[in-house]
Amino acid sequence: MGNIDRQLLIAIGGLTLFGLVMMSSISIAESYNVTAGTQNDFYFWRHFLYIIIGIVGLFVGLKIPYSTIRKWSLLGYLVGVGLLIYVLVAGQNFDTAAQSWIYVAGFSLQPVEIAKLMSIIFLSALWSSGKLKPETIEGGFVPFLFVLGVPA
């Protein structure tokens with residue numbers, strides 16, 4: 001925990017709190033409608049729960065060594081691309097024309113979010129391996145185009 005960028009952590013915390021306040025202020029009427037008039041802070045508490053889950057995920061992620069992340073990055077990238085292919089074939093939509101959701105264990109999931117994260121991690125693992133030179137076109141721009149172009 002000693003190597004954490006404190007300024008970045010403070011900025012993330014501030015933006016998270018700002019988002020929570022905004023969620024609270026803009027969702028009062030909809031919360032009231034969704035809960036049949038029983039509470040006006042439904043979305044606030046749901047968003048707060050997601051923040052707590054995210055904070056737990058942050059601290060779990062901080063305990064994972066970089067070497068482990070680098071080792072599993074290709075598999076994570078392939079899972080992300082596989083989920084995108086799955087959603088293309090069997091995805092479901094929610095009141096939109098986009099077929100971009102799947103159900104997993106009773107909740108909905110947007111695989112594109114997983115694919116974005118895995119693409120960034122995989123590209124970081126490629127560049128940090130030392131085999132590619134990110135400052136060159138062959139080692140920086142071409143892998144960037146390939147890694148992000150396949151999911152796109």
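The values are calculated or read from the model by the stated rules, or taken from the named source; none is laboratory data. Only a predicted model underlies this, so the values are computations on that prediction, with no experimental measurement involved. For accessibility, only protein heavy atoms count, side chains too; no ligands or nucleic acids. Shrake-Rupley method; radii C 1.70, N 1.55, O 1.52, S 1.80 Å.
Here's a check for you: in the stretch 1-39, which residue that is assigned to a helix (DSSP H, G or I), farther than 21 Å from residue 107 by Cα and hydroxyl-bearing (Ser, Thr, Tyr) is most open to solvent (accessible area, probe 1.4 Å)?
In this case the residue turns out to be 32.
Being of a type outside the set (A, V, I, L, M) and within 30 Å of residue 26 (Cα to Cα) narrows it down to one of 86, 103, so name that one.
None of the other options fit; the residue is 103.
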